[in-house]
Amino acid sequence: MSVYVVTWNLNKERSGYDQARRDFLTNLGRFDNVEEAALDSVRWVSTTNNPSQISEVLRQKMDANDRLFISKLSSGHHAGWLTQATWDWINARL
């Protein structure tokens, strides 16, 4: 399994933004993931899927004005200021 950072931006100008966001997060829930409350549009995902496969799943709940970025983490090559619970989740899966 690999850990990926997934970040997105759903266009707030669309009609039904709140429902679109709920639908996107439900779709994201298909993967083992953790959120950091202070980072509203970022999740860390643990899966055997590759970035293209993750993107394909997540884009099902996005439109042409939305954006998505996925990148694989590697042990010893990441840093930041997150809660200990988030770090524990990430490090347990790397």
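Any residue at all in the range 45-57 that's modelled with pLDDT under 95 and either touching an Asp or Glu at 6+ places or on another chain (Cβ under 9 Å) or of a type in the set (A, V, I, L, M) (or both)? The answer is no, given that none of the residues of the range 45-57 is modelled with pLDDT under 95 and either touching an Asp or Glu at 6+ places or on another chain (Cβ under 9 Å) or of a type in the set (A, V, I, L, M) (or both). On the stretch given as the range 21-55, residues that are of a type in the set (Asp, Glu) and either open to solvent by 70 Å² or more (accessible area, probe 1.4 Å) or more than 16 Å from residue 93 (Cβ to Cβ) (or both) total 3.
Within the range 42-55, the set of residues being not small (Gly, Ala, Ser) and not in a loop (DSSP other than H, G, I, E, B) comprises 42, 43, 44, 45, 47, 51, 53, 54.
Could you check how many residues of the range 56-86 are of a type outside the set (A, V, I, L, M), buried (at least 16 other Cβ atoms within 10 Å of the Cβ) and part of a helix (DSSP H, G or I)? Adding up the residues that qualify gives 2. Taken together, the residues in the range 1-20 that are out of contact with any Pro (no Cβ under 8 Å at 6 or more places or on another chain), of a type outside the set (Val, Ile, Thr), surrounded by 12 or more Cβ atoms within 10 Å (Cβ to Cβ) and not in a loop (DSSP other than H, G, I, E, B) amount to 5. Scan the range 52-83 for residues that are in contact (Cβ under 8 Å) with a residue 12 or more places away in the chain and of a type outside the set (S, T, N, Q) and the total you get is 15.
The values are calculated or read from the model by the stated rules, or taken from the named source; none is laboratory data. Only a predicted model underlies this, so the values are computations on that prediction, with no experimental measurement involved. Methodologically, a virtual Cβ is constructed for each residue, glycine included, from the backbone with ideal geometry; neighbour enumeration extends over all protein chains shown. Please note that ligands, DNA and RNA were not included when accessible areas were found on the heavy atoms of the full protein model with its side chains. Shrake-Rupley method; radii C 1.70, N 1.55, O 1.52, S 1.80 Å.
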